[in-house]
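The values are calculated or read from the model by the stated rules, or taken from the named source; none is laboratory data. These figures come from a predicted structure and were not determined experimentally. Cβ placement follows ideal geometry from the backbone for every residue including glycine, while neighbour counts extend to all protein chains displayed. Ligands, DNA and RNA are excluded from the accessible area calculation, which covers all protein heavy atoms including side chains. Shrake-Rupley method; radii C 1.70, N 1.55, O 1.52, S 1.80 Å.
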Amino acid sequence: MQLATLADTFAKARLDAFRWRYNTAVAHKIGLALGVAILTGLLAQVRFYLPWTPVPVTGQTFAVLMAGVLLGRHWGGVSMALYAALGAFGIPWFAGWSGGLAVLAGPTGGYILGFILAALFLGHVTDKYVKSRNFLPMAALMSMATAALIFVPGLIQLAIWTSVVQGEAVSLGQLLAMGLTPFLAGAAVKVAAAASLTKVVTPKSDYSK
Amino acid sequence: MNLDRLIFGSNILEDNYIRDVDPRIKLISVLIIILATALVSSSVSYVILSALLITGLISVRPGWKLVWINIRPFIFLSLLTFLLHLIFSSGEGQLLISTAGLEITSGGVVTGAVFAWRILLFFAAAVLFNLTTDPLDISDAVTRLLKPLKVFRLPVDQLGLLIFLAFRFVPVISEESQAIYAAQVSRGYDPGGGFIKRLRNSIPLISAVLASSIRRAGHMAEALEARGFHPDRERSSLRIFKIRFSDCIFLTVTLIVSAGSVFLAYYV
């Protein structure tokens, strides 16, 4: 009985929180977007290792996926744009305490630009479609966003960077080995975690009214 | 929702991302995926295309029963393709079984599996499209996409109306044939046992359904004329389609994944 009331309180609290977030003033939203950008910067420094691969998993893309869910339409993308822009101006909050325009123009810049697209897409979908806030659809949407909106721009810029800046054309196999396959396992873990968190924190009714 | 029978356009899923994508974009995307599937026959690209379609299907939450009902008619076709390739594909690879003039090789198994998979991919794309698109939207999309053909004096608007009427009539006629069947059974109609007998016995059903369809079509024509419909005049539409940013993302994702899968097939 007590557990049921607790769950009810939680459901009401999250509905109220999202309703507030949806209807609040633009200044608040900018503040929230900045907060999420800072959170992304912090999570980008968190790294842990999966037992079967030497490539570290960083919290960065997890933060990107959650930025869309938490900030909703437009504003998830805005927070990631803030993250990219402020990082380009020199705040060292990209992965490995790096920053500056060089990172954005460098081999990994495409992924950071992809973050904006992914957060825009996920924010749009979570805000608008109530059913998408459940685990399976959200996991499917997040995998789609990670694969097509983060990895693809990332790989394109990586390919351009290696061929233009380093002056050596890489084959597709090498490119995938550099920029895709090491990250797949980590991406799957992050998508699962982000989709579970989404299921827990998002209200299961429309908060836009 | 009628879940027992598959009636075209009666199970549209609401509240999802793909439902709101512009139908023109959706139609083009489905055609791109089908084209990519038809262009290549390598398992690597099929894995990618399947992943795209499966994530799409999961993200619209159709429920397993609905997916099963939609896919069920095509599983037989897919199995038939597999068997035909298994038996008749010329022997490459290892000889597995050889009985009574039939030779089954490992190459035949692989080819059969790839072709069966291809058929399932075709239909999965079509099912995803049908589950998320209103028949009205489909006919609108077809009309608008065919607009350029007006230059060749193709009656595009009438074609669109034709498609729309066909879509619109499928559930009505299906319902009516059920009613006629029930009526005939109550008068002692017996569908019969064997195939030929069933075929012959179905004449009273078919003629009744046909007669009522023609009557319906006549009513429809009268109703259209009574409302001032003229085939050669410009018609305005209640719904105006606009291509939005999310539509562009949708098309880009399909294009990139399809192109990538075709590219990988020739690369790997």
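For segment A:121-137, what are the residues that are among the aliphatic types (A, V, I, L, M) and within 8 Å of chain B (Cβ to nearest Cβ)? Show your work before the answer.
The first filter runs over segment A:121-137 and keeps only residues among the aliphatic types (A, V, I, L, M), leaving A:122, A:125, A:130, A:136.
Listed by number, the residues that qualify are A:125, A:130, A:136.
Would you pick out the residues in segment A:87-118 that are part of a helix (DSSP H, G or I), aliphatic (A, V, I, L, M) and more than 19 Å from residue A:156 (Cα to Cα)? It would help to see each step written out before you state the result.
Within segment A:87-118, the first condition is being part of a helix (DSSP H, G or I), and the residues that meet it are A:87-88, A:101-105, A:109-118.
Filter again for aliphatic (A, V, I, L, M), leaving A:88, A:101-105, A:112-113, A:116-118.
A:88, the sole residue that qualifies.
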Handout entry: Residue count for segment B:226-253, restricted to those that are in a helix (DSSP H, G or I) and at pLDDT below 90
Key = 8
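In the set A:136, A:149, A:141, A:155, which member is under 15 Å from residue A:72 (Cα atoms) and not basic (Lys, Arg)? Talk me through it step by step, then tell me what you get.
Details: A:136 fails: under 15 Å from residue A:72 (Cα atoms); A:149 fails: under 15 Å from residue A:72 (Cα atoms); A:155 fails: under 15 Å from residue A:72 (Cα atoms).
Exactly one residue qualifies, and that residue is A:141.
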Handout entry: Number of positions in segment B:181-200 that are of a type outside the set (A, V, I, L, M), open to solvent by less than 40 Å² (accessible area, probe 1.4 Å) and outside any loop (DSSP other than H, G, I, E, B)
Key = 1
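Each row is one residue, and each column tells you yes or no for (1) within 14 Å of chain B (Cβ to nearest Cβ); (2) touching a residue at least 24 places away in the same chain (Cβ under 8 Å).
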{"site": "A:57", "(1), (2)": "no, yes"}
{"site": "A:63", "(1), (2)": "no, yes"}
{"site": "A:73", "(1), (2)": "yes, yes"}
{"site": "A:77", "(1), (2)": "yes, yes"}
{"site": "A:80", "(1), (2)": "no, yes"}
{"site": "A:89", "(1), (2)": "no, no"}
{"site": "A:100", "(1), (2)": "no, no"}
{"site": "A:111", "(1), (2)": "no, yes"}
{"site": "A:117", "(1), (2)": "yes, yes"}
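Go through segment B:241-268 and report how many residues are under 23 Å from residue A:73 (Cα atoms) and among the β-branched types (Val, Ile, Thr).
Count: 5.
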Handout entry: Among the candidates B:243, B:206, residue that is farther than 30 Å from residue B:153 by Cβ, surrounded by 10 or more Cβ atoms within 10 Å (Cβ to Cβ) and out of contact with any strand residue (DSSP E or B) (no Cβ under 8 Å at 6 or more places or on another chain)
Key = B:206
Handout entry: Unique residue being open to solvent by less than 50 Å² (accessible area, probe 1.4 Å), more than 10 Å from chain B (Cβ to nearest Cβ), polar (S, T, N, Q) and more than 27 Å from residue A:42 (Cβ to Cβ) when the list is A:146, A:162
Key = A:162
